[in-house]
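Read the structure below first, then the notes.
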Amino acid sequence: MDLTAIPALGDNYIWLLADGGRALAVDPGAAAPVQQALHARGLSLVGILVTHHHADHTGGVAQLRAVTGAAVYGPAREAIPPPYRPLAGGEAFNALGLTWRVLAVPGHTAGHVAYYAQPPEQAPLLFCGDTLFCAGCGRLFEGTPAQMLASLDALAALPDATRVCCAHEYTLGNLRFAAAVEPGNTAIARHLAWCQAQRDGDLPTLPSTLALERQINPFLRTRETAVIAAARAHGAGSTDAAAVLAALREWKNNFS
Ligand code: ZN
Ligand code: FE
């Protein structure tokens with residue numbers, strides 16, 4: 001199976017997963033870049049996975065479905081262009097010959113879902129939309145810090161080798177923030193250098209892996225002593241992981 005990040009809308013990625021002549025697209029915020037990729041590679045689109053309702057993840061759904069007839073899967077608790085198979089989390093379905101596990105990951109939006117599958121003889125795949133980013137997490141538009149913490153904990157419980165396919169190229173900014181949270185974390189500095197070289201070459205910094213995220217992502221490290229101390233110095237009212245996450249999120253919102 002062949003995984004590609006199609007850049008779209010400035011800093012979005014639309015993930016395309018191909019197997020032979022068939023493909024799935026994830027969070028198509030625009031149709032044209034997906035249609036171009038399908039055409040260039042002679043692929044037919046059989047499925048569209050949507051993680052949440054924001055326009056930069058759904059803008060291309062109606063056109064792609066009309067042109068290709070692809071089946072659409074999306075969050076049951078959110079409005080995306082109908083018709084689609086509604087998923088609340090906890091269920092599984094088959095697409096492109098894979099069993100996709102659906103995880104409810106509220107926080108960025110109230111009904112946000114993520115998709116996980118294990119392709120044969122490849123590392124697992126996680127499509128996590130705007131919940132988990134490389135070295136960061138989504139803004140809390142419709143959820144609480146406690147909800148986002150539970151969602152990130154659910155993702156962090158997946159295997160180390162899981163390929164983390166985020167929907168935005170936010171990595172460099174996230175890593176600069178992560179370095180401010182943990183100045184002594186050498187894995188962050190090392191990954192920042194690698195990602196800078198990728199971006200200098202106009203290449204994606206993604207997918208990441210869960211093993212790496214556990215080392216560098218402050219939002220997955222809310223129980224680490226150094227992260228707790230930094231969050232306490234930036235307004236966290238207690239050492240509780242949700243309070244730490246809330247303070248980190250607030251700090252990041254105002255960080256540049
Ligand atoms: Zn979003
Ligand atoms: Fe987004």
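The values are calculated or read from the model by the stated rules, or taken from the named source; none is laboratory data. Keep in mind that what you see is a predicted model, and the values were worked out from it rather than measured. Reconstructed Cβ throughout: ideal geometry from the backbone, glycine too, with neighbour counts over all protein chains shown.
Just a few scattered comments:
- Evaluation of H57 against the conditions (1) more than 15 Å from ligand 1 (Cβ to nearest atom); (2) under 14 Å from W15 (Cβ atoms) shows that the sole unmet condition is (1).
- The listed residues are D160, D153, and the only one of them that is part of a loop (DSSP other than H, G, I, E, B), at pLDDT 95 or above, more than 14 Å from ligand 2 (Cβ to nearest atom) and touching a helix residue (DSSP H, G or I) at 6+ places or on another chain (Cβ under 9 Å) turns out to be D160.
- The residue of the range 26-66 that is surrounded by the fewest Cβ atoms within 10 Å (Cβ to Cβ), among those that are of a type in the set (V, I, T) and touching a helix residue (DSSP H, G or I) at 6+ places or on another chain (Cβ under 9 Å), is V46.
- Here the condition is being touching a Cys at 6+ places or on another chain (Cβ under 9 Å) and more than 16 Å from ligand 2 (Cβ to nearest atom); of L87, L96, L132, L125, it holds for L125 alone.
One line per residue, one yes/no per condition, for (1) under 24 Å from A92 (Cα atoms); (2) touching a Cys at 6+ places or on another chain (Cβ under 7 Å); (3) touching a residue at least 24 places away in the same chain (Cβ under 8 Å); (4) not in a helix (DSSP H, G or I):
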site: I6; (1), (2), (3), (4): no, no, yes, yes
site: W15; (1), (2), (3), (4): yes, yes, yes, yes
site: A18; (1), (2), (3), (4): yes, no, yes, yes
site: H52; (1), (2), (3), (4): yes, no, yes, yes
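- Spans of helices (runs of 4 or more DSSP H) in the range 170-256 with at least 1 residues in contact with a strand residue (DSSP E or B) (Cβ under 8 Å, 6 or more places away or on another chain), on the phi < 0 side of the Ramachandran plot and buried (at least 19 other Cβ atoms within 10 Å of the Cβ): 171-181, 210-216, 241-253
- Given (1) within 15 Å of ligand 2 (Cβ to nearest atom); (2) surrounded by fewer than 16 Cβ atoms within 10 Å (Cβ to Cβ), index of the condition V113 fails: (2)
- On the stretch given as the range 7-26, residues that are in contact with a Leu (Cβ under 7 Å, 6 or more places away or on another chain) and within 16 Å of ligand 1 (Cβ to nearest atom) total 3.
- Residue within the range 141-154 that is under 22 Å from A5 (Cα atoms), among the β-branched types (V, I, T) and touching a residue at least 24 places away in the same chain (Cβ under 8 Å) present: no
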